[in-house]
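The values are calculated or read from the model by the stated rules, or taken from the named source; none is laboratory data. Remember, it's a predicted structure, so these values are computed and weren't measured experimentally. Every residue, glycine as well, gets a Cβ built from its backbone with ideal geometry; the counts of neighbours run over all protein chains shown. Surface accessibility is based on the protein's heavy atoms, side chains included, excluding ligands, DNA and RNA. Shrake-Rupley method; radii C 1.70, N 1.55, O 1.52, S 1.80 Å.
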Amino acid sequence: MNDTTRPARTLTRRQALGLAAGVTAGTLVAASPSAQAAPQPDGWRSRRTQNHWPVVDAAHTETSRIEGTNVSVPLLKGDVATVLLHVARRFSYEIDTLRSGDVQGYSTDRAVGADFESNRLSGTAITIRPLFYPLGAQQGTGLSDLEKVVVADILADCQGVVGWGGNAIPVKESHFQIDVGPDDPELTRLAARIRGEDTSRGTGAGSIDPFLPARRRKAAAYLKDAPTLAPSS
């Protein structure tokens, strides 16, 4: 299938039940987007990216395959790669299977359209299907309401460690990033939890139902106070 053509989708029973239960009628309240600093037309000049991680060269990254796909993505080695690969796996399992060319990670290109795009220079951000969900897309042209339920569950499950470009101005729903600094213990704890789930049967990505009532309530509560992608300081 051509990657520029989005495949048709049939709702599963659990998705239909989630929709009927009022998910799209306001159960999940989107966070207020933050103001975004003006982009740097000559390229990102700082030695640190928007999320305060240092710009790195390729030697500090590793290219890993996203489980359940034939897609590989370069990311900062260690806990960052563990967490962002988990996000990509959940997207592939719970929204739509990822294909070659769907995911971008570490980049040396300093041209950015918004401050948060600089985070790819540190290997701490990914974009998933940027052609489908580009920077500054018009409201209503991105992820569906049901797909946003999944994203909300992913963000809540990551407990503030991961930020999403859907909560930024300009919006970029394809963008996910590490939203804590290099020394934050929450990143270490989350990565350790993910590794533990990956070695236990019936837990982790591929076994999660984001439409369970308890998970929907948790995601809704998280989004009410969800952090937004702030401009760099």
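Its relative contact order, with pairs defined as Cα atoms under 8 Å and 6+ residues apart, puts region 46-178 at 24 percent.
With θ taken as phi - 60° and the Karplus curve 6.51 cos²θ - 1.76 cosθ + 1.60 applied, the whole-hertz 3J(HN,Hα) list for region 150-155 is 5, 4, 4, 5, 4, 5 Hz, x standing for glycine and proline.
Computed from label points 7 Å out along Cα-Cβ, the spacing between THR108 and GLU186 is 3.4 nm.
The string of couplings for region 68-79 from the Karplus curve (6.51, -1.76, 1.60, θ = phi - 60°) is x, 9, 9, 9, 10, 9, x, 9, 4, 4, x, 4 Hz, one whole number per residue in order, with x for Gly and Pro. Taking amide H as placed 1.01 Å from N in the peptide plane, the amide H of VAL162 sits under 5 Å from that of ASP179, each at least 5 places away or on another chain.
Provide the net charge surrounding GLU186, with neighbours chosen by a C-beta distance below 12 Å and charges set as Lys +1, Arg +1, Asp -1, Glu -1. Write out the running numbers ahead of the final one.
Working: positive: ARG189, ARG193; negative: ASP79, ASP179, ASP183, ASP184.
Neighbour charge sum, excluding GLU186 itself: -2.
Overall, region 54-96 carries a charge dipole of about 40 debye about its Cα centre when +1 sits on the Cβ of Lys and Arg and -1 on the Cβ of Asp and Glu, all other atoms neutral.
The order of the peptides 126-134, 58-66 by mean Cβ neighbours within 10 Å, most packed first, is 126-134, 58-66. Reported to the nearest whole Å, the Cα centre-to-centre distance from region 168-188 to region 55-77 is 17.
A cut-off of 5 Å between modelled amide H atoms, ignoring neighbours fewer than 5 places along the same chain, links SER72 with ILE66. Karplus-based coupling profile of region 93-106, in residue order and whole Hz: 6, 10, 10, 6, 4, 7, 10, 3, x, 7, 10, 10, x, 3, with θ = phi - 60° in 6.51 cos²θ - 1.76 cosθ + 1.60 and x standing for Gly or Pro.
Here the accessible area of region 101-204 is 48 percent carbon and sulfur, with a 1.4 angstrom probe and all protein chains present.
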